[in-house]
Amino acid sequence: YMNSSPGFVDQCINAPSPDSAFGQEFSDESALTTGSAAAAYLNVALQHLGLVHVALSADGVVLLPLVNVLRAALEASSRAHWLLDPSLDKKKRIARGLLERIAALESQQRVHADPDHLRRRAADIRDTALRHGISVQGQRTGSNLPRKVGGESRPDASSLAAAVLSAPGKRGGSSAGWLYGWMSAYAHSALWTSLDMRTVRKTEDGSNQI
């Protein structure tokens, strides 16, 4: 899996079959933004899973810290899943790609503020949406970046991860949100994640108590 997946992702983006969804949608430069972002997320996930593979192959590995790596892989792959959802039409997929561009710009501005660059890129995003008949709504504080594109805002990582874990056919079910919450809490060194869960018991009202 680890050997074949990177090549598969690269082929999907750079040399897709003309009859495939990639071939039909991402031949357009604007839709290609969505595909490129998805490929980047998938490559991030694969690299994290590669580290898990190496760690599990080593002697004396400490397993619990791998939760942090697995959480990062889950978040990246969940974002790719959101972008590549086969139920989307082309407009919706382009809109989600534009939301990714907005998120990237906001992160970039936190590291190195460049108001002129931000204005140019925000105008380009709005022009791209208009060219494809996609609506934009609202304006983010301090910039001309829209709040919504195509009637949708960009969901946070926890929402996407929980959705993927609890998707039809997955075993997560109602426990999916709890699992991601536990992974996140462990990543931030929350004390309760290191307690022995055998000490958890049901109270009279049905809640859990440690």
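The values are calculated or read from the model by the stated rules, or taken from the named source; none is laboratory data. From a predicted model like this one, the values you see are computed outputs, not experimental measurements. Note: ideal-geometry Cβ built from the backbone for every residue, glycine included; neighbour counts use all protein chains shown. Ligands, DNA and RNA are excluded from the accessible area calculation, which covers all protein heavy atoms including side chains. Shrake-Rupley method; radii C 1.70, N 1.55, O 1.52, S 1.80 Å.
Answer yes or no as to whether Ser87 is over 22 Å from Asn144 (Cβ atoms) and open to solvent by 60 Å² or more (accessible area, probe 1.4 Å).
Numbers: over 22 Å from Asn144 (Cβ atoms): yes; open to solvent by 60 Å² or more (accessible area, probe 1.4 Å): yes.
Spelling it out, Ser87 is indeed over 22 Å from Asn144 (Cβ atoms) and open to solvent by 60 Å² or more (accessible area, probe 1.4 Å).
Please indicate, with yes or no, whether at least one residue in the range 5-23 is crowded, with 18+ Cβ neighbours inside 10 Å and within 25 Å of Gly181 (Cα to Cα). Within the range 5-23, not a single residue is crowded, with 18+ Cβ neighbours inside 10 Å and within 25 Å of Gly181 (Cα to Cα). Inside the range 93-125, residues that are charged (D, E, K, R) and open to solvent by 60 Å² or more (accessible area, probe 1.4 Å) make up a count of 5. Inspect all residues belonging to the range 155-169 and state whether any of them is modelled with pLDDT of 80 or more, within 29 Å of Leu66 (Cα to Cα) and part of a loop (DSSP other than H, G, I, E, B). Yes, the range 155-169 contains at least one residue that is modelled with pLDDT of 80 or more, within 29 Å of Leu66 (Cα to Cα) and part of a loop (DSSP other than H, G, I, E, B).
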